[in-house]
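**Q** Please see the structure below; I have some questions.
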Amino acid sequence: MRRQRGTGGRRIRPERTTASLPAGATSGFAAIGGLRLHYVEAGSGPPVLLLHGFPEFWLAWRHQLPALAAAGYRAIAPDLRGYNLSDKPDGISAYRLRHLVSDIAELIRWTGEASVVLAGHDWGGAIAWYVAKDYPDLISRLIILNAPHPIAMKRELGTWAQRRRSWYAFAFQIPALPELAIRVFDFALLRRILRRDPVRPGAFTDNDIEAYVRALSQPGALTSTINYYRALRAGSRGRPSGPRWRDATIAAPTQLIWGERDRYLGLPLLDGLERLVDSLRIERIPDASHWVQADAPDRVNELILTFLSETE
């Protein structure tokens, strides 16, 4: 097993799991900046770091981990801070963007590699955009799945169409009530979303849904995950209106995969991205929802592997 070079990172075996691992995968904990981040890893070779969104955890990449491993990559899917088995620091300020971005920069260094392929969906994609801008030397290629560029999101939140789609982000600002609404009747709201949203029937199996419920049932997990949204409202560093985004473009070759039947993020978010990314490839999947890698796993795997092979 590799140790993080020069920063004292180490691997720690997990005490428990909340979901079955893909065949050939292993799990552990990485010590990152005073936190323990749980991860699942499969394969060997150039590292591909996979960042999940809300309200998921590493299991979001259950279809991609074995595909990447079979193609000769070292696929690593962490639980972000606050999620599932990773540490859950107290307070809204612990979930500001500067901490989320720093976690991933440290995790990249922990891999022992000079740079990695970074992929992210939803919140994981939002974090990935920032990591690619703040730490360009750490990112060889960037893959984003249904996660808007910060500049595009700021622009579209000025429209009623996107505000209506993003209603939940505003509702999450209310103390305690969102946790109650999600937890009531054994997470009935979460179960309904995961069964209703996808285009493909059974995109989330009963076992998948139970695993998501178990992950959010970990002590402190539900509040921690909602605090991602509260921290944005509380004034986290890195809002895209500041100078750090004004003149910045993403340098890494970038692939954006977008399920067009996304209930939460509108298609206008794709407009104008060529001005924000130096080398951009947009791949639309018409019959996929926000949960694109579960809705169209074979197509997503094909697109990712083709992009990686063509940009080596």
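The values are calculated or read from the model by the stated rules, or taken from the named source; none is laboratory data. Everything numeric in this text was worked out from a predicted model, so none of it was measured. All Cβ positions, glycine included, derive from the backbone under ideal geometry; neighbour counts span all protein chains shown.
**Q** May I ask you to list pairs of residues, at least six apart or on different chains, whose Cβ atoms are under 8 Å apart, with the first in region 259-284 being free of Cβ contacts under 8 Å to residues at least 40 places away in the same chain and the second being in a helix (DSSP H, G or I) and loosely packed, with under 14 Cβ neighbours inside 10 Å?
**A** Note: pairs meeting the criteria are Glu260/Leu267; Leu280/Glu274.
**Q** Looking only at residues in region 215-253 that are among the aromatic types (Phe, Trp, Tyr) and at pLDDT 95 or above, which one is farthest from the chain's Cα centre (by Cα)?
**A** Tyr229
**Q** Restricting attention to region 259-282, report how many residues are in contact with a Leu (Cβ under 7 Å, 6 or more places away or on another chain), modelled with pLDDT of 95 or more and either exposed (fewer than 14 other Cβ atoms within 10 Å of the Cβ) or over 23 Å from Val292 (Cα atoms) (or both).
**A** Selection size over region 259-282: 0.
**Q** What residue, of Ala215, Ala147, Ala152, Ala169, is touching a residue at least 60 places away in the same chain (Cβ under 8 Å) and assigned to a loop (DSSP other than H, G, I, E, B)?
**A** When all the criteria are applied, what remains is Ala147.
**Q** If you don't mind, another one. Test each condition in (1) in contact with a Leu (Cβ under 9 Å, 6 or more places away or on another chain); (2) over 18 Å from Met153 (Cβ atoms); (3) not in a strand (DSSP E or B) for Glu302 and report the one that comes out false.
**A** The single condition Glu302 does not satisfy is (1).
**Q** Which residues, counting only those in region 173-211, are in a loop (DSSP other than H, G, I, E, B), without any contact (Cβ under 8 Å) to a residue 40 or more places away in the chain and farther than 15 Å from Glu56 by Cα?
**A** Correct list: Ile174, Pro175, Ala176, Pro201, Gly202.
**Q** If you don't mind, another one. Return only the number of the condition from (1) touching a strand residue (DSSP E or B) at 6+ places or on another chain (Cβ under 7 Å); (2) farther than 25 Å from Tyr264 by Cβ; (3) buried (at least 21 other Cβ atoms within 10 Å of the Cβ) that Arg36 does not satisfy.
**A** (3)
**Q** Let me ask something else. Would you mention how many residues in region 102-124 are in contact with a Gly (Cβ under 7 Å, 6 or more places away or on another chain) and under 18 Å from Ile257 (Cβ atoms)?
**A** Within region 102-124, residues that are in contact with a Gly (Cβ under 7 Å, 6 or more places away or on another chain) and under 18 Å from Ile257 (Cβ atoms) number 4.
**Q** Read through the list (1) aliphatic (A, V, I, L, M); (2) within 16 Å of Ile257 (Cα to Cα); (3) loosely packed, with under 15 Cβ neighbours inside 10 Å, then give the number of the only condition that Ile144 fails.
**A** The number of the failed condition is (3).
**Q** One residue is enough: does region 49-59 have a residue meeting the conditions in a helix (DSSP H, G or I) and either surrounded by 17 or more Cβ atoms within 10 Å (Cβ to Cβ) or modelled with pLDDT of 95 or more (or both)?
**A** Yes, there is a match, as at least one residue in region 49-59 is in a helix (DSSP H, G or I) and either surrounded by 17 or more Cβ atoms within 10 Å (Cβ to Cβ) or modelled with pLDDT of 95 or more (or both).
**Q** Another one. Would you mind stating whether Leu256 is at pLDDT 95 or above, within 16 Å of Leu142 (Cα to Cα), touching a Leu at 6+ places or on another chain (Cβ under 9 Å) and not in a helix (DSSP H, G or I)?
**A** It is true that Leu256 is at pLDDT 95 or above, within 16 Å of Leu142 (Cα to Cα), touching a Leu at 6+ places or on another chain (Cβ under 9 Å) and not in a helix (DSSP H, G or I).
**Q** May I ask you to list the residues in region 67-93 that are closer than 17 Å to Tyr228 by Cα and part of a strand (DSSP E or B)?
**A** Of everything in region 67-93, just one residue is closer than 17 Å to Tyr228 by Cα and part of a strand (DSSP E or B), namely Pro78.
**Q** Turning to a different aspect of this structure: Using beta carbons and a limit of 6 Å, which pairs, at least six apart or on different chains, have the first residue in region 75-89 and on the phi > 0 side of the Ramachandran plot and in contact (Cβ under 8 Å) with a residue 40 or more places away in the chain and the second one of a type in the set (D, E, K, R) and in a loop (DSSP other than H, G, I, E, B)?
**A** Cβ pairs passing all conditions: Gly82/Lys88.
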